Amino acid sequence: MKWLGGRQSENVEYSDGGGNGGGRLLGGGIGATIIGIIIYLITGYTPNQVNRMVDAAGGGREEQITTNYHAEQGSMKEFASIVLAETEVVWDSLFAANGMTYNKPVMRIFEGQVNTACGGASAAVGPFYCPSDQKIYLDVSFFNELKERFGAPGDFANAYVIAHEVGHHIQYLMGTTQKMSRLKGYGERSGPHSMSVMLELQADFYAGVWAHYAEKMNSKDNPVVIEPGDIEAALNAANAIGDDRLQRLTQGRVVPDAFTHGTSKQRMYWFRKGYETGDISQGDTFSELAN
């Protein structure tokens, strides 16, 4: 995916998630633990290894690692803003074609932890959408985790993640989120066909719809270009973060009643359907049996 030079969205906020302490690069405390995990994902060094290198080099290594870390974070923040702008163009057009106005979401890019209208959250929960304030929350260090831990590298894999969260915003604007929230009051079944899973799969479908039209935008006048292999990267990401695969990875067994987002097969199916059809009317995951 080519994206450098693309237009950045005006609907992005930045938060560092709290203050910084002095002393060694990786001292004690929860904040240092989070930083240590992030630096490990980027550099491959454990916190103790980093501290030993800092002590041995008199701080020179600290400066190098910190510089590289911030450069990587900076480029990913720019990337996220450009992808958000691309989603705005597509959904603006689709809503207008259906006689509606697309109210754009705000993306808040944070580090470590953040307060939202839906409550406090940390980077450990991954990217998410809060309907109470209509904001997407993203710690860009998740992109490294997606690549290193889950085996889903590539810019378009990252773009899929953002497009999925925008999909939740589409659900809110369409009233689907509110409707499902009311229905949950009558009892919510668990498992791969629960309402919560169907919401997530529909967000995958909307991400595919976005990819369908974003690919058609490829031109010399648009610096953001979807390249061969990008759709496969998105499908690989959908497969990588399916509930069944994540459960095998983290606990060694699959517990369908604990599914929250759908299986790898389901997630790939709905993203592919959105991408191949580009038809938002075909994304009714609630009435069609998800494969």
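Structural remarks
- Of all the listed residues (264, 219), the sole one being at pLDDT below 85, of a type in the set (Ser, Thr, Tyr) and surrounded by fewer than 21 Cβ atoms within 10 Å (Cβ to Cβ) is 219.
- Extreme residue, nearest to residue 15 (Cα to Cα), among residues of the range 103-124 that are of a type in the set (Gly, Ala, Ser) and touching an Asp or Glu at 6+ places or on another chain (Cβ under 8 Å): 112
- Some residue of the range 126-141 being among the acidic types (Asp, Glu), assigned to a helix (DSSP H, G or I) and on the phi < 0 side of the Ramachandran plot: no
- All positions within the range 163-196 that are touching an Asp or Glu at 6+ places or on another chain (Cβ under 8 Å), within 24 Å of residue 277 (Cα to Cα) and at pLDDT below 90: 192, 195, 196
- Of all residues in the range 246-275, those being in a helix (DSSP H, G or I) and over 17 Å from residue 164 (Cβ atoms) number 8.
- Taking residues in the range 228-249 that are within 13 Å of residue 154 (Cβ to Cβ), and partners anywhere that are of a type in the set (A, V, I, L, M) and at pLDDT below 85, the pairs with Cβ atoms closer than 7 Å and at least 6 places apart or on different chains are 230/1.
- Close pairs from the range 102-122: first free of Cβ contacts under 8 Å to residues at least 24 places away in the same chain, partner assigned to a loop (DSSP other than H, G, I, E, B), Cβ under 8 Å, at least 6 apart: 116/132; 116/133; 117/132; 117/133; 118/131; 118/132; 118/133
- Looking only at residues of the range 98-156 that are crowded, with 17+ Cβ neighbours inside 10 Å and among the aromatic types (Phe, Trp, Tyr), we find that the one that is farthest from the chain's Cα centre (by Cα) is 102.
- Looking only at residues in the range 269-291 that are surrounded by fewer than 18 Cβ atoms within 10 Å (Cβ to Cβ) and among the hydroxyl-bearing types (Ser, Thr, Tyr), the one that is modelled with the lowest pLDDT is 287.
The values are calculated or read from the model by the stated rules, or taken from the named source; none is laboratory data. This structure is a prediction, so every number in the text was calculated from the model and none was measured. Here the Cβ is made from the backbone with ideal geometry for all residues, glycine too, and neighbour counts use every protein chain on show.
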